[in-house]
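One structure below.
The values are calculated or read from the model by the stated rules, or taken from the named source; none is laboratory data. What you are looking at is a predicted structure, and each value in this text was computed from that prediction instead of being measured. Using ideal geometry, Cβ is built from the backbone for each residue, glycine included, and neighbour counts are taken over all protein chains shown. Just so you know, the surface numbers come from the protein's heavy atoms only, side chains and all, with ligands and any DNA or RNA stripped out. Shrake-Rupley method; radii C 1.70, N 1.55, O 1.52, S 1.80 Å.
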Amino acid sequence: MFPRVILKGTMIKKSQQKKRTSPCNYKERFFVLDTQDLKYSERRPGKKPMMKGCIELSSIKCVEIVCCDVPIPCNYKYPFQILHDNHYLYIFAPDNDCRQRWVRALKEETKHNNLVTKYHPNILMYGKWRCCQQTEKLAPGCQVYDPLGYASKKPLPQLPDPEMELQNGGQRLVIALQDYTPVEDKNLPLQKDHEYVLIKSSHPDWWAVQDNQGNIGFVPSAYVAEKSDTFERFEWYNKNITRGEAESLLMKEGKEGAFMVRDSRQAGVYTVSVFTKAPGSNGEKNPRVKHYQIRQTETDESAFYLAEKYLFSTIPELILYHQHNAAGLITRLRHPVPQDGVSSRDAADPAEGQWEVDPEELILGQELGSGQFGLVLEGRWRERRVAVKMIRDKSMSDEDFKEEARVMMRFSHCRLVQLYGVCTQHSPMCLVFEFMENGCLSDYLRDRKGGLSQDLLLGMCLDVSEGMAYLESSNFIHRDLAARNCLVSKNNEVKVSDFGMTRFVLDDQYTSSQCSKFPVKWSAPEVIKYCKFSSKSDVWSFGVIMWEIFNEGRLPYENRSNTEVVESLNAGLRLLKPRLAPDAVYMLMEWCWKEKPDDRPSFAHVLHELATLSNL
Ligand code: ADP
């Protein structure tokens with residue numbers, strides 16, 4: 001019987017032989033799944049497709065998505081794995097829907113094979129499985145493999161009729177994934193990354209699209225991806241709303257930093273409207289709504305900015321930045337207000353109950369320490385050992401925190417201390433975290449002074465950089481990164497804790513850079529001067545953590561006051577090289593302490609550097 005084609009499309013494959021992950025290991029391939037094999041070929045414009053590999057479906061033992069917790073160095077960010085014979089093949093899909101389609105179809109086709117019982121949810125990197133720390137390439141899996149999870153219990157839904165959507169759904173846009181040179185008159189050339197209007201998608205392989213000159217023609221459907229990435233899906237965007245309507249909605253919300261993005265009267269231009277009670281420079285005192293137009297630089301069409309020239313290539317990136325930094329606005333953008341008046345806070349939240357911890361389920365134990373917000377107790381919650389932060393009255397702006405807790409709980413990474421939930425029905429409010437047996441990193445280092453090898457110290461830096469690279473890729477700024485805010489697990493892994501929490505501190509002594517409790521010794525110059533937080537200001541603090549680690553928990557600038565520290569930074573001086581730090585490690589610290597944020601490396605870069613150093 002002739003094999004029947006089930007799926008086909010372009011994805012990126014990671015080559016198997018190479019040990020190191022680098023961009024050149026990632027190859028774009030055209031995959032075809034039929035009822036017998038999974039084949040992949042190289043397709044280059046103007047050249048004949050070249051078959052590069054073929055996996056018999058009968059040899060497949062496991063197909064599953066990969067929960068990759070390190071930055072992915074190729075353009076397609078949705079990995080899945082195929083274990084066949086004893087080889088792992090990693091394939092990166094352009095979006096989650098596409099990945100789900102492939103994983104489901106492959107599972108369905110292989111469900112009667114001789115499958116593994118357990119698999120590795122994460123990848124093998126630098127000789128270690130990141131999920132279970134085993135070091136053997138063929139180490140048995142650490143998580144139960146449930147092939148029926150997708151395949152049989154959830155059959156593929158009937159595909160929507162594309163024609164129908166074309167008639168009802170208005171304009172659909174696609175983006176070219178690669179260049180295409182027409183082979184027939186009826187075809188249209190494609191230019192990678194350019195947008196086209198989708199005219200007809202009824203044929204599975206050839207879609208009709210229109211370019212910005214109005215030319216219509218057919219292109220291979222595998223060479224384009226539908227553009228779903230407009231910001232219309234964001235809660236903060238209100239498409240059809242006037243300035244007056246925006247003002248009345250925001251006044252009604254009445255919360256500092258309530259905001260929305262709306263269309264300006266000028267076509268193609270957007271305005272951010274934000275509510276504030278803060279006194280204005282010209283003496284305005286009343287609660288009011290301010291409007292800021294999102295501007296574009298004249299030289300580079302695609303760079304957006306708001307009040308000051310902090311440039312972003314997309315509007316969502318710009319909004320995200322200003323959700324964390326006022327940076328010239330009257331207040332930072334705190335609460336998105338959607339047009340239908342149902343803000344995320346008021347809406348019935350399907351996840352409600354998942355983040356609210358039932359006090360009945362929480363058993364409190366002995367004191368672990370005390371911090372900014374009050375006592376930290378050991379506890380038990382649903383068979384787990386947990387750490388419970390009891391929030392002292394008036395120490396936290398709890399309304400703001402409750403909204404943010406939802407965001408923070410979504411972060412899940414093996415190098416971040418997990419927030420399990422919040423108990424708000426109870427007074428004092430308490431936050432329930434993953435328990436970290438070995439306490440905070442600074443004490444851990446001091447207690448083991450003289451007993452930690454350079455390799456171990458480097459490994460700790462690597463752990464922190466992994467957590468931070470994840471936060472950076474989620475556009476989340478820590479704001480108070482220091483060894484005291486990292487914790488150590490029973491397996492001696494270091495995890496980043498307390499991310500974003502300083503935003504909820506009500507103690508002025510802590511929040512103003514002029515005041516005694518402000519962590520000046522960990523702060524980048526732009527934070528000390530203008531409170532300008534960014535992932536690059538976190539990178540500065542990370543340099544200080546590296547210094548703390550290689551000095552086995554010593555306090556930076558030990559006997560100096562904050563004012564003296566600021567003076568020496570202004571004079572261009574930096575912390576000295578720790579005795580235990582190799583030159584290359586100190587060079588990385590110095591790179592993190594570059595005066596200009598743009599001159600500092602990103603966390604993705606730091607992670608790469610450290611991984612290279614730890615492999616030497
Ligand atoms: P805060 O955020 O209120 O400033 P900290 O995070 O500094 O509090 O916690 C104070 C102390 O409590 C830490 O130094 C540590 O010893 C202990 N602690 C905090 N979180 C945990 C945890 N998740 N697991 C174990 N101990 C913890």
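List of remarks:
- Karplus-derived 3J(HN,Hα) values for segment 565-572, using 6.51 cos²θ - 1.76 cosθ + 1.60 with θ = phi - 60°, are 5, 4, 4, 5, 5, 4, 7, x Hz; glycine and proline are entered as x.
- Point-to-point label distance, Ser453-Arg44, nm (Cα→Cβ direction, 7 Å offset): 4.6
- Computed Rg/Rh of segment 29-69, alpha carbon atoms with Kirkwood Rh: 1.09
- Whole-Hz ³J(HN,Hα) from phi, Karplus 6.51 cos²θ - 1.76 cosθ + 1.60, for segment 433-445, glycine and proline x: 10, 4, 7, 10, 4, 9, x, 7, 4, 5, 5, 4, 5
- Given Lys495/Lys521; Lys13/Lys47; Lys255/Lys277; Lys255/Lys402, the pairs whose alpha carbons are separated by over 18 Å: Lys495/Lys521; Lys13/Lys47
- Amide H partners (placed H, <5 Å) of Ser474, local residues excluded: none
- Candidate cross-link partners of Lys14 among the lysines, defined by an alpha-carbon separation under 19 Å and a same-chain spacing of 8 or more, comprise Lys27, Lys39, Lys52, Lys61, Lys77, Lys128, Lys137.
- In this structure, the amide hydrogen of Tyr237, modeled 1.01 Å from its nitrogen in the peptide plane, lies closer than 5 angstrom to those of Val261, counting only residues at least 5 positions away or on a different chain.
- Model label zone, Asn475; criterion: amide N under 18 Å from point 7 Å along Cα-to-beta-carbon; scope segment 524-567: 533-538
- Equivalent-ellipsoid semi-axes of segment 237-337, from the Cα gyration tensor, Å, largest first: 22, 16, 12
- Separation in nanometres of the label points that stand 7 Å from Cα toward Cβ, at Asp205 and Glu361: 5.2
- Karplus 3J(HN,Hα) series, Hz, for segment 137-142 with 6.51 cos²θ - 1.76 cosθ + 1.60 (x for Gly, Pro): 4, 9, 4, x, x, 10
- Distance histogram for segment 5-153 (every C-alpha pair counted, 5 angstrom bins, percent rounded to whole numbers): 2, 10, 18, 24, 21, 16, 6, 2, 1, 0
- Solvent-accessible area of Ser561 with every protein chain in place, 1.4 Å probe, in Å² to the nearest 10: 50
- Convex hull per residue volume in Å³, alpha carbons only, for segment 391-490: 118
- Take every pair of alpha-carbon atoms less than 8 Å apart whose residues are at least six positions apart; their mean separation over the length of segment 541-616 yields a relative contact order of 32 percent.
- Computed over the alpha-carbon atoms, segment 525-591 gives an Rg to Rh ratio of 0.96, Rh here being the Kirkwood radius from the mean inverse distance.
- Computed accessible area, Met396, all protein chains, 1.4 angstrom probe, square angstrom: 10
- Taking amide hydrogens as placed 1.01 Å from N in the peptide plane, the amide H of Val224 sits under 5 Å from those of Leu177, each at least 5 positions away in sequence or on another chain.
- Using Cβ point charges alone (K and R +1, D and E -1), the dipole size of segment 237-337 about the Cα centre works out to roughly 440 debye.
- Taking all C-alpha pairs of segment 32-112, those more than 17 Å from each other amount to 50 percent.
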